[in-house]
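One structure is given below, encoded as structure tokens.
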Amino acid sequence: MEWVYIEDIGKYEGKDVELRGWVFNFRRKGKLLFIILRDGTGIVQCVVFKGDVGEEQFEKAKRLTQESSVIIRGSVKKDDRAPGGYEVSVKEIEPIFITKDYPITKKEHGVAFLMEHRHLWIRSRRQNAILRIRSEVIQAIRDFLYSRKFTLVDSPIFTPSACEGTTTLFEVDYFGKPAYLTQSGQLYQEAAALAFGKAYCFGPAFRAEKSKTRRHLTEFWQVEPEIAFANLDEAMKLAEEMLVYIIERVLERRKIELERLQRDTKILESVKTPFPRISYTEAVKRINELGESLEWGEDFGAPHETALANSFDSPFIVHRFPAQVKAFYMRRDPEDERLSLSFDMLAPEGYGEIVGGGEREYDLEILLKRIKEHNLPEEAFQWYLDLRRYGSVPHSGFGLGIERTIAWICKLPHIRETIPFPRMLDTVYP
RNA sequence: UCCAGCGUAGCUCAGCUGGUAGAGCGCCUGACUGUUAAUCAGGUGGUCGCAGGUUCGAGUCCUGCCGCUGGAGCCA
């Protein structure tokens with residue numbers, strides 16, 4: 001008998017199959033057992049009738065509990081009474097492990113309890129759907145960049161010093177010397193871009209900021225493409241096209257999961273390039289018109305970002321931020337020295353910044369000046385300065401935050417559900 | 001780091017102006033050939049976060065600490 005996965009069960013109507021999985025729900029009705037079986041790809045109802053399997057197997061099957069593991073053999077039937085439309089008439093049933101006292105029950109639970117049991121919580125329907133969408137998003141990003149002829153060049157996780165000198169880093173003891181967990185792979189991608197033309201890294205980033213909000217993790221994932229000879233406009237265009245590709249892939253291949261999350265996909269379906277674009281200066285004007293007060297030169301706070309994002313129903317781009325609120329390596333706008341050639345992409349529906357990027361400073365003297373202005377240790381940046389000594393070219397890139405992007409695509413209330421094992425201010429378990 | 005809220009059964013919670021601890025679910029036993037978070041009958045369940053204080057008496061009031069949740073700043 002062929003072992004099949006539940007997501008493919010429709011192809012086996014009328015045939016005998018073997019399923020291997022776990023008991024998702026279990027109901028007894030006299031000489032009849034209803035087992036909702038879960039195998040990671042879906043769920044299906046299996047019906048055990050005492051008369052079909054015999055006394056001995058029926059007695060064994062009666063001992064099954066929620067999350068017990070089991071192998072079931074039987075025939076696939078179409079039945080409108082079953083959730084999912086198909087059910088399995090069981091001929092043989094072989095319990096593998098009888099679970100006792102599974103902590104996550106069919107009733108409601110609080111967030112703290114579920115987080116404490118995250119290793120079991122990911123078995124649930126909703127978490128399964130979110131993490132399958134995460135897998136699709138990551139696959140889409142890799143496929144997109146591959147098709148655009150980008151080379152994957154992994155950036156290191158241990159770094160000798162702060163990339164940008166702004167955020168707080170996790171320090172580790174590196175054989176007696178301090179090293180830091182990376183907050184961004186970008187600087188290394190600049191080296192990669194000058195070696196490969198188009199390069200990207202995809203990996204975790206770490207921030208030791210004591211942020212306690214629905215939008216923050218201490219360990220999160222980002223993809224960071226960098227393109228030699230590209231300018232700001234070309235970087236913005238690539239970011240838009242990548243996001244559109246991600247959304248199209250999820251809509252196409254993870255429709256069932258979006259439905260399970262009850263995501264209204266209208267906004268996702270309407271996303272197309274080019275995105276609305278607004279300069280920082282225009283954005284400040286608009287924010288003030290919307291009733292929030294913000295002076296030119298200040299970075300957006302949460303209320304400003306929310307007000308601005310609510311005035312769009314698509315992802316949008318804010319470009320040319322004041323140089324003072326951006327990192328030292330951002331190139332200044334030749335038309336206005338106060339501005340940087342930078343951009344942020346913000347998601348609608350209150351999800352905030354999902355992409356940040358721009359054009360990098362490629363002149364050695366200017367970059368040296370910036371490093372001094374920011375009080376950064378020049379020695380640590382010698383390799384980075386070498387990129388401006390040997391064949392320096394204009395180049396641009398950006399970073400896209402995976403978890404925030406998934407949170408928006410799934411319209412989740414909190415970013416912690418978008419990553420299998422979230423690391424937050426007070427959470428390193430499990 | 002700062003601000004706010006919450007800690008009572010395995011889970012989700014109720015417990016009034018202080019008077020000897022409650023419900024639903026889960027779990028265990030039994031009944032049922034079509035259940036959909038099944039239903040019905042019976043049973044099981046407590047260091048009221050920790051420490052101190054006020055009081056004849058504290059789950060309830062006060063102080064400190066710990067934990068959790070949300071938000072701010074900062075950021076993706």
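Summary of computed values
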quantity	calculated
Accessible area of chain A belonging to carbon and sulfur atoms, whole % at 1.4 Å probe	51 percent
Distance between the range A:101-128 and the range A:377-430 - C-alpha centres, whole angstrom	29 Å
For A:Ile409, net neighbour charge (Lys/Arg +1, Asp/Glu -1) across residues whose Cβ lies under 14 Å away	+1
Alpha-carbon spread of the range A:381-430, three principal axes, descending order, Å	46, 26, 14
GNM flexibility winner over chain A from A:Ala347, A:Ala192, A:Ala380 (Cα, springs under 10 Å)	A:Ala380
Estimated FRET transfer efficiency (A:Arg260, A:Ser314; beta-carbon r; R0 35 Å; 0.05)	0.90
R0 of 41 Å, Cβ-Cβ distance A:Arg123-A:Glu289: FRET efficiency to nearest 0.05	0.25
Lys, Arg +1 and Asp, Glu -1 on Cβ, resulting dipole of chain A about Cα centre, debye, nearest 20	1840 debye
Cα-based Rg of the range A:2-97 normalised by 2.2 N^0.38 Å, two decimals	0.95
Three semi-axes of the equivalent ellipsoid, chain A, Cα gyration tensor, whole Å, largest first	50, 23, 20
Distance violations [Cα-Cα > 25 Å] among A:Lys210/A:Lys255; A:Lys62/A:Lys255; A:Lys212/A:Lys237; A:Lys31/A:Lys78; A:Lys107/A:Lys266; A:Lys212/A:Lys411	A:Lys210/A:Lys255; A:Lys62/A:Lys255; A:Lys212/A:Lys237; A:Lys107/A:Lys266
Charged-residue dipole, Cβ positions (Lys, Arg, Asp, Glu), the range A:248-365 about Cα centre, Debye nearest 20	580 debye
Theoretical FRET efficiency, 1/(1+(r/R0)^6), r = Cβ-Cβ of A:Arg81 and A:Asp426, R0 41 Å, to 0.05	0.35
Anisotropy class of the range A:172-312 from Cα gyration tensor, a/c 1.5 cut	rounded
Total charge dipole magnitude, the range A:2-97, about the Cα centre, Cβ charges on Lys, Arg, Asp, Glu only, Debye to nearest 20	420 debye
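The values are calculated or read from the model by the stated rules, or taken from the named source; none is laboratory data. For clarity, every value in this text was computed on a predicted model and none was experimentally measured. Quick reminder, even Gly has a Cβ in these numbers, built from the backbone with ideal geometry, and neighbours come from all protein chains shown. Accessible surface is based on the protein model in full, side chains and every heavy atom, while ligands, DNA and RNA are left aside. Shrake-Rupley method; radii C 1.70, N 1.55, O 1.52, S 1.80 Å.
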